[in-house]
Amino acid sequence: MAITMTKGQTGLTGNAAIAVAMKQINPDVCAAYPITPSTTVIEDFSSYVADGKVTTELITVESEHSAMSACIGASAAGARVMTATSAQGLALMWEMLYIASGMRLPIILTNVNRALSAPINIHCDHSDSMGARDSGWIQIYSETVQEGYDNLIQAVRIAEDERVLLPAMVCLDGFITSHAIENIALLEDEDVKKFVGEYRAQNSLLDTDKPSTYGAMTLPDVYINFKHQQSQAIARAKEVVIEVGKEFGKKFGRTYALFDAYRLEDAEAAIVILNSAAGTTKVAVDELRKQGKLVGALRPRLFRPFPFKEIADALSHVKAIAVLDRADSMSGFGGPVFNEVRSALYDADKRPKVMSRIYGLGGRDYKVKDALGVFNELQKVLETGKVETLQKYITI
Amino acid sequence: MATLKELSKRDELLSGGHRLCAGCGIPPIVRLVLRSANGPVVATTATGCLEVGTSIYPYTAWRIPWIHSAFENAAATISGVESAYKAFKKRGKIPEGKDIKFVAFGGDGGTYDIGLQALSGALERGHNFLYVCYDNGAYMNTGIQRSSATPYGANTTTSPAGEVIPGKQEWRKDLTRIVIAHNVPYAAQASPSNWADLSKKAEKALNTKGPTFLNVMSACPLGWYTKPEESIKLSKLSVDTCYWPLYEVEDGILKITYRPKEKKPLEEWLKPQGRFKHLFKPENRHILDKFQARVDIEWQRLLDLDGKRV
Ligand SMILES: Cc1ncc(C[n+]2csc(CCOP(=O)(O)OP(=O)(O)O)c2C)c(N)n1
Ligand code: SF4
Ligand SMILES: [Mg+2]
């Protein structure tokens with residue numbers, strides 16, 4: 001549904017833009033299974049296959065578990081591999097996510113964020129990707145359609161980097177980003193092709209002259225060493241994300257970093273929030289700034305690995321922080337982003353007050369007034385130096 | 001079809017030194033199948049005895065490219081590998097004339113039960129691969145729990161021969177028939193005791209385009225409570241009693257590939273196996289009779305179908 005609006009820009013939904021990026025990347029293999037709201041990514045991509053716009057082998061598997069299993073087989077065979085899913089689909093892949101990362105296979109997955117059942121709900125929240133946060137996948141979150149598109153292209157370079165060799169997941173908000181049409185700038189096919197380059201796997205199952213064993217069994221004498229290497233690799237991904245984000249900016253004019261800091265330099269109060277809701281939060285920030293309030297926002301882009309040092313540095317001068325999570329850890333202690341941010345700030349010279357607010361589960365709207373309400377609470381913290389309510393649900 | 005002499009000259013692709021039990025039925029099956037490939041072959045294996053016994057890091061018994069990823073997904077994993085191969089062929093990245101064969105091995109648990117969906121999907125999609133199920137009739141790797149392939153009446157750790165319930169109460173799932181219902185170009189049942197028949201079937205399957213399937217009887221001295229040196233003899237008895245008929249379905253036509261000269265009583269196969277010991281108590285006579293009757297019906301069904309389109 002391309003609608004040309006501004007010159008050089010194309011009106012595309014998030015899912016359509018992701019599918020265009022996939023078309024331009026033209027991966028060797030794509031194995032996928034439909035689930036709302038990610039389905040149209042694969043529908044669009046299937047048309048590209050059917051129309052000969054790509055030469056990808058499309059495997060229309062019978063489940064997401066098999067989708068990730070086929071991705072693993074193909075990636076181990078040296079192929080560049082992509083898939084897309086949401087919610088229950090990602091949950092069904094869960095076993096295989098760990099195997100993909102443990103085998104160090106740079107598979108690329110678009111996760112269109114959706115709430116996990118029960119109750120069943122097709123709308124946006126981050127419980128799906130947060131459930132996979134410890135699976136060893138790089139996780140990159142996207143605020144807009146443009147960023148989703150740009151992130152997917154960068155993810156290929158990040159995952160396949162020799163220092164990393166890990167699978168990567170690009171997350172965008174279900175419906176809010178996946179189905180909303182935004183004006184975006186697409187790159188030229190040739191530019192994308194050049195940027196992602198050709199994938200040359202170090203080993204391949206198809207190299208029958210040099211047979212290798214994948215997925216061997218390990219005992220306590222070595223298992224931890226493999227995990228140690230994997231842990232070091234995902235930590236290294238941080239510098240690669242920065243490099244690739246810079247190079248992308250240099251070539252195409254849109255630079256990406258570990259996070260997006262909005263009017264934060266002199267802020268006394270700030271909201272930390274992922275994905276599309278950051279846009280709403282920024283509107284609230286602008287309104288309050290007009291009133292002379294020193295407020296700002298921080299939107300983590302890279303969530304795995306978690307850039308704890310950089311985020312702590314960016315936030316350590318802020319006095320009161322609310323971390324807004326579109327997922328609940330069900331730990332009785334706030335959401336997952338809250339826990340990371342609060343922990344990252346533990347070593348700050350002057351620890352800011354940090355509180356958790358859970359919002360927007362199952363697609364519940366998060367409006368400017370909700371952000372203003374949180375800033376209002378932060379204002380009280382600034383005044384009293386005390387956090388009255390450490391954690392609570394908002395937008396209910 | 002390759003002769004024994006020819007087969008013996010081919011490389012041994014699953015090396016010795018693996019950790020499968022003495023007398024295990026799996027290695028001879030894998031070796032014969034891989035020898036029958038006679039060319040580059042890539043394999044995957046579902047979690048189970050074969051996988052655990054051949055890949056304990058830093059050793060590997062596999063002299064071919066091999067991957068294990070999980071328990072229920074051997075068919076999906078090989079789908080991915082084979083698709084990568086197709087993509088590379090299309091993109092000119094595989095040398096002209098190079099023809100790689102793809103084989104997935106799974107135990108009965110990994111195939112009849114938890115992996116049935118992935119198998120069905122891969123068969124339906126028509127990938128070019130051979131799936132070999134080695135059926136030892138239980139989850140052996142985790143300690144002999146019943147599977148849907150476990151024979152009726154068998155004592156397993158989750159269908160124990162107890163005071164009240166005398167072993168497994170359900171009939172074995174007929175997986176080969178389920179596979180045939182997918183209209184695959186080739187599917188067969190085989191046994192390593194009838195090695196020439198097995199090798200011929202593997203060769204046929206590997207040279208058939210599209211998804212093919214072999215269900216192979218695999219003795220397990222540990223789980224059957226039998227002597228390691230009797231494994232092949234017992235496999236032979238499973239065939240000669242018609243518990244495990246050898247047949248194939250090629251392009252829809254069913255053919256019995258081996259008819260025992262004299263169909264032996266089922267008890268001859270059951271008696272030497274500790275897992276059926278309780279059935280020989282006088283009060284369990286009716287179970288043996290029921291089992292025999294069912295085997296007779298199944299065998300008759302095959303005889304009726306021999307040479308026909310199924
Ligand atoms: C999802 C999952 N569930 C359970 C297991 C535990 N498990 C590993 S092997 C196995 C049994 C394998 O049985 P079978 O496929 O018959 O192979 P065999 O052990 O007999 O060779 C089980 C239950 C697992 N690895 N993964
Ligand atoms: S337990 Fe049975 S199937 Fe497993 S290795 Fe031993 S004999 Fe073979
Ligand atoms: Mg078994």
> Which residues, counting only those in region B:73-88, are within 23 Å of B:PRO185 (Cα to Cα) and either open to solvent by 10 Å² or more (accessible area, probe 1.4 Å) or more than 7 Å from chain A (Cβ to nearest Cβ) (or both)?
Replying inline: B:ALA74, B:ALA75, B:GLU82, B:TYR85, B:LYS86
> Restricting the search to region A:78-110, which residues are open to solvent by less than 10 Å² (accessible area, probe 1.4 Å), facing chain B (nearest Cβ under 9 Å) and touching a strand residue (DSSP E or B) at 6+ places or on another chain (Cβ under 8 Å)?
Replying inline: A:ALA79, A:VAL81
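Looking at the structure I just gave you, is B:GLY115 more than 7 Å from chain A (Cβ to nearest Cβ), farther than 22 Å from A:ILE72 by Cα and either over 18 Å from the mean Cα position of the chain (by Cα) or open to solvent by less than 10 Å² (accessible area, probe 1.4 Å) (or both)?
Numbers: more than 7 Å from chain A (Cβ to nearest Cβ): yes; farther than 22 Å from A:ILE72 by Cα: no; either over 18 Å from the mean Cα position of the chain (by Cα) or open to solvent by less than 10 Å² (accessible area, probe 1.4 Å) (or both): yes.
When the stated conditions are applied, B:GLY115 does not pass them.
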> Counting only residues that are facing chain A (nearest Cβ under 10 Å) and in a loop (DSSP other than H, G, I, E, B), which one in region B:89-111 is least open to solvent (accessible area, probe 1.4 Å)?
Replying inline: B:ILE100
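If the requirement is being within 16 Å of ligand 2 (Cβ to nearest atom) and on the phi < 0 side of the Ramachandran plot, which of these qualifies: B:PRO211, B:PRO151, B:PRO160, B:PRO185?
Values: B:PRO211 fails: within 16 Å of ligand 2 (Cβ to nearest atom); B:PRO160 fails: within 16 Å of ligand 2 (Cβ to nearest atom); B:PRO185 fails: within 16 Å of ligand 2 (Cβ to nearest atom).
The conditions single out B:PRO151.
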>> Taking the criterion of being assigned to a helix (DSSP H, G or I), closer than 23 Å to B:ALA188 by Cβ and within 11 Å of ligand 1 (Cβ to nearest atom), would at least one residue in region B:34-44 satisfy it?
In response: no
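Within region A:72-98, can you find the residues that are over 19 Å from the mean Cα position of the chain (by Cα) and either part of a helix (DSSP H, G or I) or hydroxyl-bearing (Ser, Thr, Tyr) (or both)? Steps first, please.
Applying the first criterion (over 19 Å from the mean Cα position of the chain (by Cα)) to region A:72-98 yields A:72-80, A:95.
The answer is A:ILE72, A:GLY73, A:ALA74, A:SER75, A:ALA76, A:GLU95.
Got at least one residue in region A:101-117 being assigned to a helix (DSSP H, G or I) and of a type outside the set (S, T, N, Q)?
Filtering region A:101-117 down to residues assigned to a helix (DSSP H, G or I) leaves A:101-102.
Next, from what is left, pick out any that are of a type outside the set (S, T, N, Q): A:102.
Checking region A:101-117: at least one residue is assigned to a helix (DSSP H, G or I) and of a type outside the set (S, T, N, Q).
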> Does region A:314-321 contain at least one residue that is closer than 21 Å to A:VAL145 by Cβ and of a type in the set (Gly, Ala, Ser)?
Replying inline: no
> Out of all the residues in region A:204-235, which are within 9 Å of chain B (Cβ to nearest Cβ) and touching a residue at least 40 places away in the same chain (Cβ under 8 Å)?
Replying inline: A:SER204, A:LEU205, A:LEU206, A:ASP207, A:TYR214, A:GLY215, A:PHE226
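Which one is nearest to B:GLY39 (Cα to Cα), of the residues in region B:53-71 that are more than 7 Å from chain A (Cβ to nearest Cβ) and in a loop (DSSP other than H, G, I, E, B)?
So the residue we want is B:ALA61.
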>> Return the residues of region A:42-64 that are facing chain B (nearest Cβ under 8 Å), surrounded by 24 or more Cβ atoms within 10 Å (Cβ to Cβ) and not in a loop (DSSP other than H, G, I, E, B); say none if nothing qualifies.
In response: A:GLU57, A:ILE59
>> Quick test of your reading of the structure: B:THR142 fulfils all but one of (1) buried (at least 24 other Cβ atoms within 10 Å of the Cβ); (2) outside any strand (DSSP E or B); (3) within 16 Å of ligand 3 (Cβ to nearest atom). Name the failing condition by number.
In response: (1)
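The values are calculated or read from the model by the stated rules, or taken from the named source; none is laboratory data. Please read these numbers as outputs of a predicted model, since none were measured by experiment. As a convention, Cβ positions derive from the backbone with ideal geometry for all residues, glycine included, and neighbour counts pool all protein chains shown. Quick note on the areas: whole protein, heavy atoms, side chains included, nothing else; ligands and nucleic acids left out. Shrake-Rupley method; radii C 1.70, N 1.55, O 1.52, S 1.80 Å.
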